[in-house]
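Q: What follows is a single structure, and I will ask about it in a moment.
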Amino acid sequence: MGTRTVDETGAETETETGAGTANANRTANGTGTEFEHDETAAEAAGATGGTGTEPGTGEAPGAEEGERAENASGVGQGAAAVVSAALGVVSLTGSWLGTVAAARETLVGQLGTSADAGVATQVKEVYGDAWQTSALWGGLFALTALIVGAVVLARPAFGTPGRTVQAPWTKSVAWAGVSLGVIGLLLAVLKYTDVLLGLPAAG
């Protein structure tokens with residue numbers, strides 16, 4: 001009654017062997033899944049550069065901020081170049097400020113000159129001083145245009161080495177402002193010293 005036959009022993013052996021094979025397969029499958037998860041995580045880390053940067057760019061957030069700062073600097077330089085050119089034009093054509101100052105100087109000359117003063121004195125006090133005042137204000141605008149244009153042209157030399165943030169049109173407009181400033185300053189000096197369009201001789 002307690003004796004097992006050969007068939008029963010073989011069946012138990014086959015059952016135990018099948019169970020062991022199934023466990024081994026489960027273990028192998030489980031290990032393979034873990035490897036697949038690890039490889040997927042590694043690929044994701046490689047796509048983002050592994051440093052917390054934006055996916056696929058490989059650039060740090062500071063690089064984008066630096067680019068924005070450079071763009072803002074370029075806009076400022078362009079605006080300054082336009083201002084320089086505008087001031088150069090004003091120095092040659094005149095401004096309302098210079099016109100008011102010249103008119104005021106004419107009024108002061110009329111009030112300060114006596115009726116019995118000589119012709120030369122009246123001409124100088126009424127007209128000569130007013131013309132010199134106009135030349136002085138024109139020279140101030142020209143000098144300002146010259147300084148602003150020169151600062152714009154020299155700005156890239158004090159920026160980040162190896163990076164050009166100044167557009168070609170900015171240089172062109174800045175050079176125009178410098179040129180107009182030089183011409184306006186020269187004409188103002190010549191007029192102020194009466195070398196150009198001096199007072200007529202009063203006989």
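Q: Rg/Rh for the range 115-185 to two decimals, with Rh computed the Kirkwood way over all alpha-carbon pairs. Working shown, then result.
A: On the way: Rg = 20.2 Å, Rh = 14.8 Å.
Radius of gyration over Kirkwood radius for the range 115-185 works out to 1.36.
Q: Shifting gears a bit: Tell me the accessible surface of Ser179 in square angstrom (1.4 angstrom probe, heavy atoms of protein chains only), to the nearest ten.
A: Near enough 60 Å² of accessible area.
Q: At 0.36 nm per residue, minus the direct Cα-Cα distance, what do Asp116 and Leu97 gain on full extension? Give it in nm, one decimal, please. Could you put the intermediate results ahead of the total?
A: Values: separation 19, 0.36 × 19 = 6.84 nm, distance 3.20 nm.
Fully extending the segment from Asp116 to Leu97 adds 3.6 nm.
Q: Cα centroid distance between the range 80-101 and the range 123-200, in Å?
A: Cα centroid to Cα centroid, the span is 9 Å.
Q: At 0.36 nm per residue, and after removing the present C-alpha to C-alpha distance, how many nm does the segment from Ala150 to Leu197 gain when stretched out fully?
A: Details: separation 47, 0.36 × 47 = 16.92 nm, distance 2.96 nm.
So the chain would gain 14.0 nm between Ala150 and Leu197.
Q: Continuing with this model, one more query. Suppose each label sits 7 Å from its Cα in the direction of the beta carbon; what would the Ser179-Asp129 distance come out to in nanometres?
A: 3.9
The values are calculated or read from the model by the stated rules, or taken from the named source; none is laboratory data. For clarity, every value in this text was computed on a predicted model and none was experimentally measured. Cβ: placed from backbone, ideal geometry, glycine included. Neighbour counts: every protein chain shown. To get the accessible areas, we keep the full protein, side chains included, count just its heavy atoms, and leave off ligands, DNA and RNA. Shrake-Rupley method; radii C 1.70, N 1.55, O 1.52, S 1.80 Å.
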